[in-house]
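Worksheet: the structure to be examined is printed underneath.
A short reminder: the numbers here are calculations on the coordinates, not readings from a lab. The model shown is predicted, which means the values in this text are computed figures rather than measured ones. Don't worry about glycine lacking a Cβ; one is built from the backbone with ideal geometry, like all the others, and counts go over all protein chains shown.
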Amino acid sequence: MVTILFHSTIFGPIHSCIGGIPEMIDNGENGITVEPGQNASANFAEAIEHVLNRNENIRMSANARQKVIECYSENVVAGKYIELYNMLLNGNNSFS
């Protein structure tokens, strides 16, 4: 999910504000989230205009790539799993 979302962010920074997406998108920095609901179409259109009129796609794509490297790269995720396994092996079952 993470890899697919950020690959799509590199080519199109506008995403619906559902599921885990808001946790990964820093609105206005590495993408734009649009609230679902009655005005979703109008909100998407407004977000598209914003990105196109301000040439934000390149900046947001660069920021999305940087976030992937810092938070979701293989090394980072593997390190988090190792940390979790070590915590469980040491009998510490409290998750932060």
- [ ] May I ask you to list the residues of region 48-87 whose amide nitrogen lies under 17 Å from a point 7 Å from Cα along the Cα→beta-carbon direction of D26?
- [x] 56-73
Task: Calculated FRET efficiency for the pair N57/E35, C-beta based, R₀ 25 Å, to 0.05 - done: 0.75
